[in-house]
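The values are calculated or read from the model by the stated rules, or taken from the named source; none is laboratory data. If you're wondering where the values come from, they're calculated on a predicted model, not measured in any experiment. Glycine gets a Cβ as well: all are built from the backbone with ideal geometry, and neighbour counts include every protein chain shown.
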Amino acid sequence: MTAADFPALDALPGERRTDLAPGLSVVPLKSPTLPPATRTNAWLLGQRDVVVVDPASPWDAPRQAFLDALEGRRVQAIFLTHHHVDHVSGAAWLAEQTGAPVLAHAETADRIELPVARLLDEGDVVQTDAGDWRCLHTPGHAPGHLCLWRAPLPGEARGELVAGDMVAGEGTILLDPPEGHLQTYLDSLERLLGLGPSRLLPAHGPALPDGPARLQAYIAHRHARTDQVQAALAAADDASSHDLASVVYPDLPAAFLPIAARQILVHLVWLRERGLVGVVGLDVGVDGAQVRPAAPVSDPRLRWRPSPPPPPGAPGHGDLAGR
Ligand SMILES: [Zn+2]
């Protein structure tokens, strides 16, 4: 990944370091992320020797601003929460600048081009000069997604969580099937909720106080969205994820409908896994095929409809198209 893959930036962004606590700072860096977010937070864990989480800018000016914001801190490691382009686009550059090793989950390492020096998984510890952070494997948004958990210090009621793309302080979390998977994501959110973090430190937007309330709201929001998709499909007889996107997100500019349709799809897949909806075939006219049973469930051309309730006593029911 090089800067040439992204449009040039006209204005110099005002990247600055904010210190939240001893050993915890953040520099939001202009990144190729989805609007309304424009930056990805590079979290700095540690005081003099820092672990940098998700240095994501592919552009020279934000990168230089980041180096300036370090003010002499030594980069001891580069930690990647997951493989998405708006999280890793400055990692190779920063590794080259500082000689620091890149740390990531194996599922992340498999999906990026830069060398990962140390593979991390559930329970592994990232040490800093301001305390230890423990890796939590939290798939659902991305297969190799890792959060970092700092357990409560003496005198503290609750710990803190570097949350990556599990939650967002700005914008929403995109679940793109098949790698994005709703139940897996919900399970990960429930798990984080169980830790009761005081504060969530997301990859986009400001730190979120009252972690448990935020996590509960995220879980409730996803269930409400599933209900909405199910109701829209029931009213439509049969529909594609694009059709449903324009119903569920009526005010969305047309340019965002393809992304919205991916969000609808992740809910359709969740409903399908429970036998509540089925695939009736492909959108007619796209490639001439009305039914292609082998199409992956993430194919945006699939048309969907509600599954009929099973007859009393039936052991269950599958998709209408027999997939
Ligand atoms: Zn992401």
request  = Please go through the stretch 199-222 and pick out each residue that is farther than 21 Å from Val52 by Cα and touching a helix residue (DSSP H, G or I) at 6+ places or on another chain (Cβ under 8 Å).
outcome  = Gly211, Pro212, Leu215, Gln216, Tyr218, Ile219, Arg222
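State whether the residues of the stretch 157-175 include one that is assigned to a strand (DSSP E or B), of a type in the set (Gly, Ala, Ser) and crowded, with 22+ Cβ neighbours inside 10 Å.
Yes, some residue in the stretch 157-175 is assigned to a strand (DSSP E or B), of a type in the set (Gly, Ala, Ser) and crowded, with 22+ Cβ neighbours inside 10 Å.
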query = Does His141 qualify as being in the same structural domain as Pro55 (by TED's automatic domain parsing), closer than 19 Å to Val52 by Cα and modelled with pLDDT of 95 or more?
reply = no
remark   = Per the filter on the stretch 4-40, residues of a type in the set (S, T, N, Q), modelled with pLDDT of 90 or more and in a loop (DSSP other than H, G, I, E, B) are Ser31
remark   = Taking the stretch 176-201 and keeping residues closer than 15 Å to Arg225 by Cβ and surrounded by 17 or more Cβ atoms within 10 Å (Cβ to Cβ) leaves Pro177, Gly180, His181, Leu182, Tyr185, Leu186, Leu189
Residues of the stretch 197-248 that turn out to be at pLDDT below 95 and within 16 Å of the ligand (Cβ to nearest atom), as a count = 2
query = Which one of Thr18, Thr98, Thr81, Thr40 is in the same structural domain as Val167 (by TED's automatic domain parsing) and free of Cβ contacts under 8 Å to residues at least 24 places away in the same chain?
reply = Thr18
request  = Answer yes if at least one residue in the stretch 154-165 is within 15 Å of the ligand (Cβ to nearest atom) and either closer than 16 Å to His83 by Cβ or more than 13 Å from the chain's Cα centre (by Cα) (or both), and no otherwise.
outcome  = yes
note = Within the stretch 166-212, residues being under 28 Å from Glu273 (Cβ atoms), in contact (Cβ under 8 Å) with a residue 60 or more places away in the chain and of a type in the set (D, E, K, R) number 1
